[in-house]
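Each remark here refers to the structure printed beneath this line.
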Amino acid sequence: MRTTNYGDSMVRNKRVITAISAVALAGLGLAACGSGDGGSSSGGGDGTLRLGNSEPQNLIPPNVQETAGGDVVDLLYAGLYTYDMEGNLEPVLAEDVPQSEDNKVWTIKVGEGHTFQNGEAINADTFVKTWNYAVHGDNANYGASFFKQIDGWQDMQLGSDGDAAAADELSGVVALDEYTLEITLSDPWVGFPVTLGYSAFMPLADECLADIDACNETPIGNGPYQIDGKWNHNQSIHMDRWDGFKGTQPSIERIEFKIYTGDATAWPDFEAGKIDIAAPNAEQYEVAKNTYGDKMFEDETAQAWGLGFPVYDDVFSDPDVRKAFSMAIDRQAYIDGLFQGRYTVANSYAPAAIPGHLDNTCGDACSFDPEAAKDLLATTDFPMDKTVELWVNSGPGEDYLKVLGDQLSANLGIEYVLKTLEWPDFLTKKDNRELTGPFLTGWSPDYPLSQNYMEPLYGGGPDNDFGYHGEEFEQLLAEGNRAEDLEDALVKYQEAEKALAADLPMAPIWVTRTATVIGDNVDPASFQRNPILGTIDFTALKLG
Amino acid sequence: MGRYVIRRLLQAVLTLFFVLFLLHYLLSLAIQVNGNPARTFFGDKPVTAEQLAAVEAKFGTDDPCLDTIGDPCLGMFGKRMGDWLTLDFGTTFHGYSVTEQIAQAVPPTLILFAISTAVWVLIGITAGVLAAMKRGKFFDYLVRTGTTFTVAVPTFLLLVITQQLVGVSLGNWARSTFGRDSVLGIVFQPSYDHDHPFLSLLVPGILLGAFGIAGITRLSRTSMLENLRADFVRTAKAKGLRPRRVTVVHTLRNSLIPVITLIGFAMADALGGTVITEGIYSIPGMGGLAFSATRDNDLTMVIAIVAILSVSFMLVTLIIDLLYAVLDPRIRYE
């Protein structure tokens, strides 16, 4: 969900995530670099961790969409749940995982004694009020779509002409008593609890809801850290450890984010000892690796990239054409050439960090075999004399797609031309199915479930952006969604993924990895990055 | 003089209006051609028309004229100008006050400009004058080679190399030798420091000054050489005035007219250099603001920034025109 921001040539990794936006493309995702993610410590000895960030768009959890805001919000606020390193739901404010008889009506016990930093108590009603705010169409919160499966969501949205919403309260969320929250879904779904660890579900204090703008400048959180002063736009955000937090207390007493503006990155500041953790740019990667060696950590993310096909197009409606294209791509050579070998070859839709991942669901269609690819293409009606159009939004993605195009051209004997669009134009054309050839596409998950890599993109009948419709695939997805427990669901989702891969509406190509370098005053043994959230685990991190 | 100033100011208002309208039109066209930026709010995710409409309203890009290519969106422009009359400069896409963002961005940029103007005046003019006085000597050749060098090295390269060599390498040495909070440790650092705005802007300010210094130095030198041969200088010398007075009051003062004009233009050019300098040194100034607002097609912000830049530029040219009269008694605007 959070798109990465490319403003500063930083692409940062998003945390749990969402679709990778163009922005992401340029910024973070691709290069996985950037100042965003890291900071580094300098100074030493004063218990302060110094980090770099870019200017967040906002600091209201239900509206945070990019990593810059996410990194800050995750420290200031705490939600009902978070994700552990394996992607399992871990209670924070809640007492236990959500309970349900029928997977349609879920009850959550909110723990007693939690408060906001202004002293307000947190109870079931807090969530009812916060979520009503999050979902209401008037507020145009980015995170509103995370609540989509809850009953009454549609009534809270504005009409397409901006007409008022039919309801002001989300009918599917009620407080049964002070600490019991009952959530009713519009359809039973066993995977629902897994979505709750994302920051869109974090609580807001009454004082905050009463004046959201003020709360954006000076957040009233409930998490392990409390803001010191206010958000100094384009300059800094400082925070101190908050002793009132009932969850796991972090060891670091103070965190200072320095905000980088323009297209600046934190890397030179890291080298000068002004920040403690930083991510080198692609150009600096080799040098950084040689210089910092064991202080550099490379972690796999859940961000997956591939070549999407316009299944609605006459030429690409034939699965054999799509497979021939996929088999003509030498993924390892591609990653070695373009990304210094730092990314991982993708041969499945859901990457390894995601629960439900199954290795190589793509099979032969994702292994490089130029001869077979050519032969397969010859059996189809593919017009060899026609120039193939490859679509991308402007930014680093142009280079990525060009190298792909060169491979396709050399291995299949086709001609190609790059069609570059500005990001909003690209998205609109994609929505309207006006892309007339394969396009570069990336995805970061909204929640750690393999289903998230399939249903929002290729499900829902032929109405999706790909124009893909697979009866068996949709059937298996639906069976997974209705399964009794999560394990059965994951098995069904794996079967669905195999069915999807057999039709190959998108050829998986790579999964990004991040590179992070830590400074001398950070204890390397305490460094770990949560692959699901994509962020450094600051609770575990120690200065040393 | 008074009538001249009034006439100039009226011209300026008219020009400003045209600049703003042109900009409004170009940015509207950019949205019409490239698509509504509100769509990017959702990234790659599928989005419903209802959600999109809500975000367009929030971004202020919900006017239907933005859907028709070529529509000048006069209504939007008129409304914006009306708001401006009430001193309401609007909000950015992310809901922040344009006035506040600009007010915050102005000081660092002003300091940056003050430093680079000082570099032009102190180093550029001095070097040019000295080179002229010592024409054909070693110093003259040094200045001529040096200016060629600053023109030949691209600004971007100069900035990146200096950031690494001065900010990181030399700075790390200074910080380990004299301490983290020593003046040298703060001056030699690779990015802007909010606690020490002036000190940390010295190096980028000097670099920005290096941009354009070649023209100023060379023009001062040529202009000096020309005036050194002028009749009035010969007369002054013949009158038996002290050489120092001849140089400063008679030659230099008259040589400065073209140089001052050039400084005015160099400032306008340096606005482009600010975007790069502020980007590399992470200075939260007008350049960075203009850069990100343009990238995001944030109409409200871009128009406000350009208005301020246009007004400043017009003021600078006005001041320069008035300075002519001070420098050369023969020029009077009546």
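Highlighted here would be helices (runs of 4 or more DSSP H) found entirely within region B:154-206 that include at least 3 residues which are under 18 Å from B:I111 (Cα atoms) and either within 12 Å of chain A (Cβ to nearest Cβ) or charged (D, E, K, R) (or both), but there are none.
The residues of region A:377-398 that are of a type outside the set (F, W, Y), without any contact (Cβ under 8 Å) to a residue 60 or more places away in the chain and under 24 Å from A:A304 (Cβ atoms), listed by number, are A:V388, A:E389, A:L390, A:V392, A:S394, A:E398.
Could you look through region B:249-277, keep only residues that are within 14 Å of another protein chain (Cβ to nearest Cβ) and either in contact with a strand residue (DSSP E or B) (Cβ under 9 Å, 6 or more places away or on another chain) or farther than 25 Å from B:N34 by Cβ (or both), and pick out the one that is surrounded by the most Cβ atoms within 10 Å (Cβ to Cβ)? Taking the candidates together, the pick is B:T277.
Of all residues in region A:447-458, those satisfying the criterion of being surrounded by 24 or more Cβ atoms within 10 Å (Cβ to Cβ) and in contact with a Pro (Cβ under 9 Å, 6 or more places away or on another chain) are A:P448, A:L449, A:S450, A:N452, A:Y453, A:Y458. Does B:F17 meet the test of being without any contact (Cβ under 8 Å) to a residue 60 or more places away in the chain, part of a helix (DSSP H, G or I) and open to solvent by less than 40 Å² (accessible area, probe 1.4 Å)? Here the answer is no, as B:F17 does not meet what is asked.
Residue by residue through region A:440-466, note down the ones that are assigned to a loop (DSSP other than H, G, I, E, B) and either in contact (Cβ under 8 Å) with a residue 24 or more places away in the chain or farther than 20 Å from A:F146 by Cα (or both).
Our first condition is that a residue be assigned to a loop (DSSP other than H, G, I, E, B); within region A:440-466, this holds for A:444-449, A:454, A:459-460, A:464-466.
Listed by number, the residues that qualify are A:S444, A:P445, A:D446, A:Y447, A:P448, A:L449, A:M454, A:D465, A:F466.
If A:V190 satisfies every condition in (1) in a loop (DSSP other than H, G, I, E, B); (2) within 13 Å of chain B (Cβ to nearest Cβ) but one, which is the exception? The number of the failed condition is (2). Would you call B:A53 closer than 29 Å to A:A166 by Cα, of a type in the set (A, V, I, L, M), facing another protein chain (nearest Cβ under 8 Å) and out of contact with any Ser or Thr (no Cβ under 7 Å at 6 or more places or on another chain)? Taking the combined requirement at face value, the residue does not satisfy it. Determine whether A:A478 is aliphatic (A, V, I, L, M) and open to solvent by less than 10 Å² (accessible area, probe 1.4 Å). No, not satisfied.
Quick grid of which residues meet (1) within 14 Å of chain B (Cβ to nearest Cβ); (2) open to solvent by 10 Å² or more (accessible area, probe 1.4 Å); (3) of a type outside the set (S, T, N, Q):
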{"position": "A:E217", "(1), (2), (3)": "yes, yes, yes"}
{"position": "A:G221", "(1), (2), (3)": "no, no, yes"}
{"position": "A:Y225", "(1), (2), (3)": "no, no, yes"}
{"position": "A:I237", "(1), (2), (3)": "yes, no, yes"}
{"position": "A:R241", "(1), (2), (3)": "no, yes, yes"}
{"position": "A:S251", "(1), (2), (3)": "no, yes, no"}
{"position": "A:I259", "(1), (2), (3)": "yes, no, yes"}
{"position": "A:E271", "(1), (2), (3)": "yes, yes, yes"}
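Within region A:267-375, considering only helices (runs of 4 or more DSSP H) that don't extend past its boundaries, which have at least 1 residues that are aliphatic (A, V, I, L, M)? Can you show your working first?
On the way: elements: A:267-271, A:285-292, A:319-327, A:331-339.
Helices (runs of 4 or more DSSP H) meeting the threshold: A:285-292, A:319-327, A:331-339.
A:P438 satisfies every condition listed in (1) within 24 Å of A:E497 (Cβ to Cβ); (2) within 13 Å of chain B (Cβ to nearest Cβ); (3) modelled with pLDDT of 90 or more except (2). If you check B:G240, B:G185, B:G212, B:G179 for being open to solvent by less than 20 Å² (accessible area, probe 1.4 Å) and farther than 22 Å from B:K137 by Cα, only one passes: B:G185. Checked against the criterion of being assigned to a helix (DSSP H, G or I) and away from chain A (no Cβ under 14 Å), region B:32-46 contains not a single residue that satisfies it.
Here B:K239 fulfils each of the conditions (1) touching a residue at least 60 places away in the same chain (Cβ under 8 Å); (2) more than 29 Å from B:V168 (Cα to Cα) apart from (1). When every residue of region A:117-136 is checked against the conditions, none turns out to be at the interface with chain B (Cβ under 9 Å from one of its Cβ atoms), open to solvent by less than 10 Å² (accessible area, probe 1.4 Å) and touching a Pro at 6+ places or on another chain (Cβ under 9 Å).
Output the residue which, of all residues in region B:141-153 that are modelled with pLDDT of 90 or more and open to solvent by less than 70 Å² (accessible area, probe 1.4 Å), is nearest to the other protein chains (Cβ to nearest Cβ). Per the stated criteria, the residue is B:G146.
For region B:67-113, filtered to residues that are away from chain A (no Cβ under 14 Å) and aromatic (F, W, Y), the residue that is farthest from the chain's Cα centre (by Cα) is B:F77. Taking region A:467-491 as the range and being under 30 Å from B:A49 (Cβ atoms) and in a loop (DSSP other than H, G, I, E, B) as the test, the residues that pass are A:G467, A:Y468, A:H469, A:G470, A:R482. As a summary of the residue check, A:G437 satisfies the conditions (1) assigned to a loop (DSSP other than H, G, I, E, B); (2) more than 15 Å from A:F309 (Cα to Cα) except for the one numbered (2). Would a scan of region B:313-330 turn up a residue that is in a loop (DSSP other than H, G, I, E, B), open to solvent by 20 Å² or more (accessible area, probe 1.4 Å) and either modelled with pLDDT of 85 or more or more than 14 Å from chain A (Cβ to nearest Cβ) (or both)? Yes - at least one qualifying residue is present in region B:313-330.
Give the residue, chosen from A:D465, A:D485, that is within 14 Å of another protein chain (Cβ to nearest Cβ) and out of contact with any Phe, Trp or Tyr (no Cβ under 7 Å at 6 or more places or on another chain). Even if it seems obvious, please write down each step before you answer.
Numbers: A:D485 fails: within 14 Å of another protein chain (Cβ to nearest Cβ).
So the residue among A:D465, A:D485 that is within 14 Å of another protein chain (Cβ to nearest Cβ) and out of contact with any Phe, Trp or Tyr (no Cβ under 7 Å at 6 or more places or on another chain) is A:D465.
Can you tell me which residue within region A:398-432, out of those that are away from chain B (no Cβ under 12 Å) and out of contact with any strand residue (DSSP E or B) (no Cβ under 8 Å at 6 or more places or on another chain), is nearest to A:P62 (Cα to Cα)?
We begin by selecting, within region A:398-432, every residue away from chain B (no Cβ under 12 Å); these are A:398-419.
Cutting the leftovers down to out of contact with any strand residue (DSSP E or B) (no Cβ under 8 Å at 6 or more places or on another chain) gives us A:399, A:403, A:406-407, A:410-413.
On the way: A:D399: 34, A:V403: 38, A:D406: 42, A:Q407: 42, A:A410: 47, A:N411: 47, A:L412: 47, A:G413: 49 Å.
Ranking the candidates gives A:D399 first.
Residues that are open to solvent by less than 30 Å² (accessible area, probe 1.4 Å), in a loop (DSSP other than H, G, I, E, B) and in contact with a helix residue (DSSP H, G or I) (Cβ under 6 Å, 6 or more places away or on another chain) within region A:145-180 comprise A:W153, A:Q157, A:L158, A:A165, A:A167, A:L170, listed in sequence order. With respect to the conditions (1) more than 30 Å from B:L202 (Cα to Cα); (2) assigned by the TED database to the domain that holds B:L289; (3) of a type in the set (A, V, I, L, M), B:L74 falls short on a single one, namely (2). In region A:487-528, the qualifying residues are those that are surrounded by fewer than 21 Cβ atoms within 10 Å (Cβ to Cβ) and of a type in the set (K, R), and the one that is nearest to A:L435 (Cα to Cα) is A:K498.
When you look at B:T61, is it within 12 Å of chain A (Cβ to nearest Cβ), open to solvent by less than 20 Å² (accessible area, probe 1.4 Å) and either under 33 Å from the mean Cα position of the chain (by Cα) or over 19 Å from A:F146 (Cβ atoms) (or both), yes or no?
Numbers: within 12 Å of chain A (Cβ to nearest Cβ): yes; open to solvent by less than 20 Å² (accessible area, probe 1.4 Å): yes; either under 33 Å from the mean Cα position of the chain (by Cα) or over 19 Å from A:F146 (Cβ atoms) (or both): yes.
Yes, satisfied.
The values are calculated or read from the model by the stated rules, or taken from the named source; none is laboratory data. Predicted model only: the values in this text are computed from it and were never measured. Every residue, glycine as well, gets a Cβ built from its backbone with ideal geometry; the counts of neighbours run over all protein chains shown. The protein model used for the area step is the full one, side chains on, heavy atoms only, and it has no ligands, DNA or RNA in it. Shrake-Rupley method; radii C 1.70, N 1.55, O 1.52, S 1.80 Å.
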